[in-house]
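I have placed the structure first, in the form of structure tokens, so that the comments after it can refer back to it.
The values are calculated or read from the model by the stated rules, or taken from the named source; none is laboratory data. Since the structure is predicted, the reported quantities are computational estimates derived from the model, not experimental observations. Reconstructed Cβ throughout: ideal geometry from the backbone, glycine too, with neighbour counts over all protein chains shown.
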């Protein structure tokens, strides 16, 4: 579904615009309390999810760039070959692709990913993340829902 590549492009643009804005208005670790459980704060991540391998010495940059390129190519091909009518799957793939490209652009331009969304409860903080991460997460949820729906159809539970 080539039209869904536009969804990926929109995610990429919104992600990069939000990161540009935060870089223009915040210093690293500066915090703006938005709600009692949500902050905006500028953080950088040289690793993957939850700062995995962030302190690995630099080689991880090339690993994550390479993985992002391979995964993105795989997702483009998957989307391109997806039969019509597979809307939930297409939305999921498009969101994941847009998010992967957003974080790839960060790694290529800055050598690290810009994070700025921070949820917490009292002194317990969830790792900071960004719009690309949010799109990836939502895309995975949509793919899981699509897979579960497919299993229900196979068993005759959904018409």
Looking at residue 96 and the list (1) touching a residue at least 40 places away in the same chain (Cβ under 8 Å); (2) more than 11 Å from the chain's Cα centre (by Cα), which single condition is not satisfied? (2)
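Return yes when residue 54 is surrounded by 11 or more Cβ atoms within 10 Å (Cβ to Cβ), modelled with pLDDT under 70 and touching a strand residue (DSSP E or B) at 6+ places or on another chain (Cβ under 7 Å) and no when it is not. First the steps, then the outcome.
Numbers: surrounded by 11 or more Cβ atoms within 10 Å (Cβ to Cβ): yes; modelled with pLDDT under 70: yes; touching a strand residue (DSSP E or B) at 6+ places or on another chain (Cβ under 7 Å): yes.
Yes, satisfied.
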Please go through (1) without any contact (Cβ under 8 Å) to a residue 40 or more places away in the chain; (2) assigned to a helix (DSSP H, G or I); (3) more than 16 Å from residue 134 (Cβ to Cβ) for residue 23 and return the number of the only condition it doesn't satisfy. (1)
From 134, 72, which residue is out of contact with any strand residue (DSSP E or B) (no Cβ under 6 Å at 6 or more places or on another chain), assigned to a helix (DSSP H, G or I), under 24 Å from residue 32 (Cβ atoms) and modelled with pLDDT of 95 or more? 134
Out of (1) out of contact with any helix residue (DSSP H, G or I) (no Cβ under 8 Å at 6 or more places or on another chain); (2) more than 21 Å from residue 6 (Cβ to Cβ); (3) modelled with pLDDT of 95 or more; (4) surrounded by fewer than 17 Cβ atoms within 10 Å (Cβ to Cβ), the one residue 145 does not meet is (1)
